[in-house]
Amino acid sequence: MSDDIIAMLKENVIQGRMTGEDEGVDDTVTGPGVVELTQRAIDEHIPPQDIITGGLTAGMEIVGEKFNAGEYYVPDMLASAEAVSEAMDILKPLLAGTDVKPKGTFAIATVKGDIHDIGKNIVSILVKGAGYEVVDLGIDVPTDKIVDYVREHKPAFLGLSALLTTTMLVMGEVVTALNAAGLREQVKIFVGGAAVSKEYAEAIGADAYCSDGFEAVRILESMSVV
Amino acid sequence: MIIIGEKINASIPSVRDAIGRRDESFLADLAGKQDTAGADYIDVNAGEGGEGAATMRWLVDVVRSATNKPLCLDSDDPSVLRAGLEVYRGDRVMINSVNAEPDRLKMVGSLAARNDACVIALVMDEGGIPRTVEERVRAADVIVKALADHGIAEERIFFDPLVLPVSVDSIQAGVTLKTIEALQKRYPAAGTVMGLSNISYGLPARGIVNRAFLLMAAAAGLDAAILNPLDKRLMTLVATADLLTGRDSRCKRFIRSYRRGELVQ
């Protein structure tokens, strides 16, 4: 029975059905959605960790594959990620009492001078869906504000977004400022956005370049294993 | 509808390369082709960075050598705009763009006043893109007031109602269309202008989404569009939109386009 619920949960993540009222990617799927199934799994005393790995994460992995293969589009991916994010909010209080370690905080900002938020928001929702605590610092965030945040809250990860070739340069300034403040070693820096390249990420000394939100999650997971 | 040809933009890789190697014939050809295809203005974006001003000066000269159409000088950097305006000679130029940020309004407003330019104004401020019609109209109020202080009349303002992808938020096409209507009602003398392609980001079959949106925006009262005039399908829809919104007296331009074999059916 519990296997059935987990399998249904995974399928509904793939379908992007947050609740039973939502239409899925395929118009044939009906019944309870991710939120109802998560609650049902909790009621049946399935460990939260199993709900996450067997249902939510396993489903999102397939969504990522389909997106990368060009089979899924941005709206499909967002529907799934938002469903998972909603389920994580239900599960989070239950994780506190277990030996499951929190995955760490991922702070994210669009850098000073850049007001583009769509890419940042997509990455936020995918990272949150993967079980990380996400703190969105907003758009057009001054470098000193980012440095202050890292100093005070010590996030494990910092994501920087920029769409423009001009504002991309600010990412380098953020890395330099964190170095100057002696904070560089305590945080892993992820950069991404339309103008950014792997070469640029390496040149400014970022820890990772992410071509999209799924890659951000993949790299986060690989770092967390270590 | 006023067509602003978007092709000479340094964010397009082939154009960025041509600018990098100072390839005059490539860029002049691209300007001439857009002119022939029916562009009313040629957008000129020279890219950013330290060389921006010098590149803009050079690019304006190159484009002007190929077309008499007025230019739409495109940069986030007022000093790059200024450089382009200094060398520009021709019909009333357009500046792309300003928004409701006080500093930008001041700098771009004084440039536009001195050069008797039209201005594209994004209805947003330093807080980013407002999600509602009301907030966008409030940004327009700020813009109109500040530009009036520079002696720039509403007639010289083209508001960009802002286009966000429907793939990320499915109500956004409606917000854009309602913003066009609201701005027209409030500032009937001003124009509206937008780029098309953002609407279809993240979707398959983007071309049809862009074309349908162009028609809907035309119905809402859009006056101008920044688009690729070399796209014959899209230009067919522009001609059809003009026909169906009372902008083509006795359907003359539509029929002329048909006779020339320009309409893609």
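The values are calculated or read from the model by the stated rules, or taken from the named source; none is laboratory data. Just so it is clear, the model here is predicted, and its values are computed rather than measured. Cβ atoms come from the backbone with ideal geometry, glycine included; neighbour counts cover every protein chain shown. The area values use the complete protein model at the heavy-atom level, side chains included, leaving out ligands, DNA and RNA. Shrake-Rupley method; radii C 1.70, N 1.55, O 1.52, S 1.80 Å.
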Would you confirm whether or not segment B:240-253 contains a residue that is more than 22 Å from B:N9 (Cα to Cα), in contact (Cβ under 8 Å) with a residue 40 or more places away in the chain and either touching a Leu at 6+ places or on another chain (Cβ under 7 Å) or open to solvent by less than 30 Å² (accessible area, probe 1.4 Å) (or both)? yes
Reported set for segment A:198-210 where residues are out of contact with any strand residue (DSSP E or B) (no Cβ under 7 Å at 6 or more places or on another chain) and within 26 Å of B:I12 (Cβ to Cβ) is A:E199, A:Y200, A:E202, A:A203, A:I204
Is it the case that B:D61 is farther than 28 Å from A:M168 by Cα, part of a helix (DSSP H, G or I), away from every other protein chain (no Cβ under 14 Å) and under 16 Å from the mean Cα position of the chain (by Cα)? no
Are any residues in segment B:26-79 farther than 21 Å from B:M235 by Cα, touching a Gly at 6+ places or on another chain (Cβ under 8 Å) and among the charged types (D, E, K, R), and if so, which ones? B:R57, B:R64, B:D77
Check whether at least one residue in segment B:229-239 is open to solvent by 30 Å² or more (accessible area, probe 1.4 Å) and of a type in the set (S, T, N, Q), and report yes or no. no
The conditions are (1) open to solvent by 10 Å² or more (accessible area, probe 1.4 Å); (2) more than 14 Å from chain A (Cβ to nearest Cβ), and B:I143 fails exactly one of them. Which is it? (1)
State whether one or more residues within segment B:59-67 are surrounded by fewer than 20 Cβ atoms within 10 Å (Cβ to Cβ), in contact with a Ser or Thr (Cβ under 9 Å, 6 or more places away or on another chain) and more than 30 Å from B:L263 (Cβ to Cβ). no
Looking only at segment A:73-93, count every residue that is open to solvent by 20 Å² or more (accessible area, probe 1.4 Å) and within 14 Å of chain B (Cβ to nearest Cβ) and tell me the total. 5
Might you check whether a residue that is without any contact (Cβ under 8 Å) to a residue 24 or more places away in the chain and of a type outside the set (D, E) occurs anywhere in segment A:127-135? no
Could you pull out the residue among B:E51, B:E24 that is open to solvent by 60 Å² or more (accessible area, probe 1.4 Å) and modelled with pLDDT of 95 or more? B:E24
Select from segment B:33-42 the residues that are open to solvent by 20 Å² or more (accessible area, probe 1.4 Å) and in a helix (DSSP H, G or I) and list them in ascending order. B:K33, B:D35, B:T36
Residues of segment A:36-59 being more than 18 Å from A:L126 (Cβ to Cβ) and open to solvent by 20 Å² or more (accessible area, probe 1.4 Å), in sequence order, are A:E36, A:Q39, A:R40, A:I42, A:D43, A:E44, A:H45, A:P47, A:P48, A:Q49, A:D50, A:G54
Scanning segment B:119-139 for residues that are touching a Phe, Trp or Tyr at 6+ places or on another chain (Cβ under 6 Å) and more than 14 Å from every other protein chain (Cβ to nearest Cβ), which turns out surrounded by the most Cβ atoms within 10 Å (Cβ to Cβ)? B:A121
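Looking only at residues in segment A:118-144 that are polar (S, T, N, Q) and within 13 Å of chain B (Cβ to nearest Cβ), which one is most open to solvent (accessible area, probe 1.4 Å)?
Ranking the qualifying residues of segment A:118-144, first place goes to A:N121.
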With A:I189, A:I204 as the choices, which residue is more than 28 Å from B:Y201 (Cα to Cα), free of Cβ contacts under 8 Å to residues at least 60 places away in the same chain and crowded, with 18+ Cβ neighbours inside 10 Å? A:I204
Picked from segment B:194-228 (must be open to solvent by less than 10 Å² (accessible area, probe 1.4 Å) and either part of a strand (DSSP E or B) or polar (S, T, N, Q) (or both)), the residue nearest to B:K7 (Cα to Cα) is B:L227
Can you name every residue in segment A:145-170 that is in a loop (DSSP other than H, G, I, E, B) and either modelled with pLDDT of 95 or more or away from chain B (no Cβ under 14 Å) (or both)? A:K154, A:P155, A:A156
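Yes/no per residue for (1) in a loop (DSSP other than H, G, I, E, B); (2) free of Cβ contacts under 8 Å to residues at least 40 places away in the same chain; (3) within 23 Å of B:A225 (Cβ to Cβ):
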position	(1), (2), (3)
B:S97	no, no, yes
B:A100	yes, no, yes
B:D103	no, yes, no
B:S110	no, no, no
B:A113	no, yes, no
B:R138	no, yes, no
B:V142	no, no, no
Out of (1) among the β-branched types (V, I, T); (2) outside the structural domain of B:I152 (by TED's automatic domain parsing); (3) in contact (Cβ under 8 Å) with a residue 60 or more places away in the chain, what's the single condition that is false for B:T55? (3)
Determine if segment B:176-193 includes at least one residue that is of a type in the set (F, W, Y), within 14 Å of chain A (Cβ to nearest Cβ), more than 19 Å from B:V93 (Cβ to Cβ) and not in a helix (DSSP H, G or I). no
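Can you name every residue in segment B:99-118 that is within 14 Å of chain A (Cβ to nearest Cβ) and aliphatic (A, V, I, L, M)?
The one that is within 14 Å of chain A (Cβ to nearest Cβ) and aliphatic (A, V, I, L, M): B:A100.
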Check on A:K120, within 30 Å of A:T53 (Cβ to Cβ) and either modelled with pLDDT of 95 or more or not in a loop (DSSP other than H, G, I, E, B) (or both): yes
Candidate set from segment A:94-117 (those that are within 14 Å of another protein chain (Cβ to nearest Cβ) and assigned to a loop (DSSP other than H, G, I, E, B)); member that is farthest from B:E101 (Cα to Cα): A:D117
